[in-house]
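What follows is a set of notes on a single structure, which appears directly below.
The values are calculated or read from the model by the stated rules, or taken from the named source; none is laboratory data. All of these numbers come straight from a predicted model, not from anything done at the bench. No Cβ is skipped: glycine too gets one built from the backbone with ideal geometry, and neighbour counts run over all protein chains shown. Note: areas computed on protein heavy atoms with side chains; ligands, DNA, RNA excluded. Shrake-Rupley method; radii C 1.70, N 1.55, O 1.52, S 1.80 Å.
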Amino acid sequence: MSNESEQLALVLAMAGVEPIETDLGPLATAYSIARENSALVASVTAARYEEPALIFSARP
Amino acid sequence: MTATPLQTTTSTIKGAATALRDGSLTSTALTQQILDRAIALNPALGAYVDITADAALEQAAAADTALAAGDDRGPLQGIPLAIKDIIAMKGAATTANSRVLAPTWGAGTDAPVVARLRDAGAVFVGKATTSEFAIGLPDATKGFPVPHNPWNIEHTPAGSSSGTGIAVSAGLALGGLGTDTGGSVRSPAAVNGHTGLKVTFGRVPKSGVVPLGFSLDSIGPMARSAWDCAALLEVMAGFDPTDPNAAQQPVPAYTELLDGSVDGLRIALPMPYFFDHEQLDPEMHDAVLVAVKQLVGLGASSTEVELAHAAEAKDANHIILVAEAYAYHRNNLVNRWTDYGVHTRPTLARGAFYSAGDVAQAERFRMMFSRQVAALFENYDVIITPSAPTPAERAADLSPSKRLQVVSYTGHWNLTGLPAVAIPVGFSTSGLPLSMQIVGKPFAEATVLKVADALQQITDWHLAMPPVDALAA
């Protein structure tokens, strides 16, 4: 996926919505901000279950 | 129709309740005055979608008859209230300010919270304007009133409980209901200059309300003072089996706990983000810290603390909010896209922009942040912050994308499910209200209201009324 506009078009198609021309600008802005927001929240390592102690492991 | 000014002594629920009982006022006279003001000022202020005048006067007459016969149901009896138009109320349609909501939604029913107010003898002025589905900015092409801030009609009254916020501020009701999912009780209270309480998640049953974010939504009282909000909450709060999220927690007599004392209260002031952000208006910053100093003068103590990940918490609240909202609206967004307002539809569509992993991560963050806040509350009784970074913005400057990018101090407490009250603490040099937010532990509404009331016993910002009467049609 080469750029955000293509990603947005795919997301909207998957959602089944058909925005009109004048909606596309606000949607593109919102999409860009959404990617930033989700990256910011995902960057909080204290909230990620990647620490070995938090991963369930089963031993025979 | 003329708008006669409300007397300061009867501009609060407490004052009006006293007057109704000492014979100096009747509910019929009070309600007629409120209705006259609402009808005269609604074209300019856009507070109400529907003013239910005939029913209100019947309720007022019934309240007068009951009180005269010694049937005293408490301070809300005979008091005119506004009901946000996403909450079901008998005798009026519920529109959610949208062409999309089915016209029969909630018809002929009271939400449990409205039924409780009705049983307490309250008078319902009408259905108050809301942001479309409690999330969109106004779209004047859809035929619903566009709300305006009564302190300056060029400025926003904030949302989504815009109408109740305007009504309380401008004396078009003495109190009312709002809902809060990311700040929608506190923001209108803040910019319209009165008191608004977001309750602990589950404190007040939210059945009979059009949902926005089902794990974040709450119904809260909005009124001029903390005492008034306490009187409303006493009636509103408590378990109801129709709401799976309703908490089985006893309901204190909130008004009886307002003794004006904050001696020994430990206040946490989270400086990073909440007090040092570049977007925070200096007058707002200073007014809040002056109010904190006043509380310290009454016997409280305050300590600067750090609450990590505050910026991320705002975004996590937003991610969960729009994901849950999108789940509710997804079919209608496909089939009725242009029936939604021009600002509402791209806002709701944001829910589709987050992956399942994004939402799961936001929920993980939510748990982590909640534990972090709970640890802070082991050593403090309340957290105090500004309610908003600035006074009310100019309506013409608002946009959905701008709302995403500005700093915000309210969603953190929806994310963590905590009670938080917004109270006025002054005015900007441009004449717009400034506001402080007091956050408490789970189900500690009594504490946050007590702190708010203590400040309101030594200040009178909450009694100020905007000079709107000249706007009467």
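For the reader, a short list of remarks on this structure follows.
- Near pairs, Cβ below 9 angstrom, 6+ apart or cross-chain, from the stretch B:96-110 (of a type outside the set (Lys, Arg)) to any residue that is open to solvent by 50 Å² or more (accessible area, probe 1.4 Å) and at pLDDT below 95: B:97/B:138
- The stretch B:437-459 residues that are in a loop (DSSP other than H, G, I, E, B), paired with ones that are modelled with pLDDT under 95 and surrounded by fewer than 24 Cβ atoms within 10 Å (Cβ to Cβ) (beta carbon under 6 Å, 6 or more apart): B:457/B:260
- Any chance residue B:184 is in a loop (DSSP other than H, G, I, E, B), farther than 29 Å from residue B:32 by Cβ, in contact with a Ser or Thr (Cβ under 7 Å, 6 or more places away or on another chain) and without any contact (Cβ under 8 Å) to a residue 60 or more places away in the chain: yes
- Residue list for the stretch B:171-181, filter: assigned to a loop (DSSP other than H, G, I, E, B) and among the polar types (S, T, N, Q): B:181
- The stretch B:2-50, subset part of a loop (DSSP other than H, G, I, E, B), on the phi < 0 side of the Ramachandran plot and buried (at least 17 other Cβ atoms within 10 Å of the Cβ), residue modelled with the lowest pLDDT: B:3
This table checks each residue for (1) at pLDDT 95 or above; (2) more than 22 Å from residue B:251 (Cα to Cα); (3) assigned to a strand (DSSP E or B).
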{"residue": "B:74", "(1), (2), (3)": "yes, no, no"}
{"residue": "B:77", "(1), (2), (3)": "yes, no, no"}
{"residue": "B:98", "(1), (2), (3)": "yes, yes, no"}
{"residue": "B:101", "(1), (2), (3)": "yes, yes, no"}
{"residue": "B:110", "(1), (2), (3)": "yes, no, no"}
{"residue": "B:113", "(1), (2), (3)": "yes, no, no"}
{"residue": "B:116", "(1), (2), (3)": "yes, no, no"}
{"residue": "B:127", "(1), (2), (3)": "yes, yes, yes"}
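- Filter result (within 7 Å of chain B (Cβ to nearest Cβ) and modelled with pLDDT of 90 or more) within the stretch A:29-52: A:29, A:30, A:31, A:33, A:34, A:37, A:38, A:40, A:41, A:42, A:44
- Neighbours by Cβ (under 6 Å, 6+ apart or cross-chain): first from the stretch A:5-28, within 7 Å of another protein chain (Cβ to nearest Cβ); second surrounded by fewer than 13 Cβ atoms within 10 Å (Cβ to Cβ) and assigned to a helix (DSSP H, G or I): A:16/B:334; A:17/B:334
- Residue match in the stretch B:357-364 (condition: crowded, with 24+ Cβ neighbours inside 10 Å, under 20 Å from residue A:13 (Cα atoms) and within 9 Å of chain A (Cβ to nearest Cβ)): no
- Members of the stretch B:346-356 found to be open to solvent by less than 40 Å² (accessible area, probe 1.4 Å), without any contact (Cβ under 8 Å) to a residue 40 or more places away in the chain and facing chain A (nearest Cβ under 8 Å), listed by number: B:349, B:350, B:352, B:353, B:354
- Where residue B:156 falls short, out of the listed (1) at pLDDT 95 or above; (2) open to solvent by less than 10 Å² (accessible area, probe 1.4 Å): (2)
- Test: residue in the stretch B:426-438 that is among the β-branched types (Val, Ile, Thr) and under 30 Å from residue B:4 (Cα atoms): yes
- Long-range neighbours under 6 Å by Cβ, at least six apart or interchain, first residue within 25 Å of residue B:271 (Cα to Cα) within the stretch B:308-330, second assigned to a helix (DSSP H, G or I) and of a type in the set (Gly, Ala, Ser): B:314/B:411; B:316/B:362; B:317/B:411; B:319/B:362
Here's the yes/no breakdown for (1) touching a Pro at 6+ places or on another chain (Cβ under 8 Å); (2) of a type in the set (Ser, Thr, Tyr); (3) over 23 Å from residue B:454 (Cβ atoms):
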| residue | (1), (2), (3) |
| --- | --- |
| B:179 | no, yes, yes |
| B:183 | no, no, yes |
| B:198 | yes, no, no |
| B:214 | no, no, yes |
| B:221 | no, no, no |
| B:231 | yes, no, no |
| B:240 | yes, no, yes |
| B:247 | no, no, yes |
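- Sub-7 Å Cβ pairs linking a first residue in the stretch B:258-278 that is in a loop (DSSP other than H, G, I, E, B) to a second residue that is open to solvent by 20 Å² or more (accessible area, probe 1.4 Å) and among the polar types (S, T, N, Q), at least 6 apart or interchain, are B:260/B:457, ordered by first then second residue.
- Condition broken by residue B:342, with the remaining ones in (1) open to solvent by less than 50 Å² (accessible area, probe 1.4 Å); (2) within 12 Å of another protein chain (Cβ to nearest Cβ); (3) not in a helix (DSSP H, G or I) satisfied: (1)
- Those residues of the stretch B:99-120 which are in contact with a helix residue (DSSP H, G or I) (Cβ under 7 Å, 6 or more places away or on another chain) and surrounded by fewer than 24 Cβ atoms within 10 Å (Cβ to Cβ), in sequence order: B:99, B:100, B:110, B:116, B:120
- Matching option when the condition is touching a Pro at 6+ places or on another chain (Cβ under 9 Å) and surrounded by fewer than 24 Cβ atoms within 10 Å (Cβ to Cβ), among B:150, B:145: B:145
- Total residues in the stretch B:307-337, condition under 22 Å from residue B:402 (Cα atoms), open to solvent by 20 Å² or more (accessible area, probe 1.4 Å) and within 8 Å of chain A (Cβ to nearest Cβ): 4
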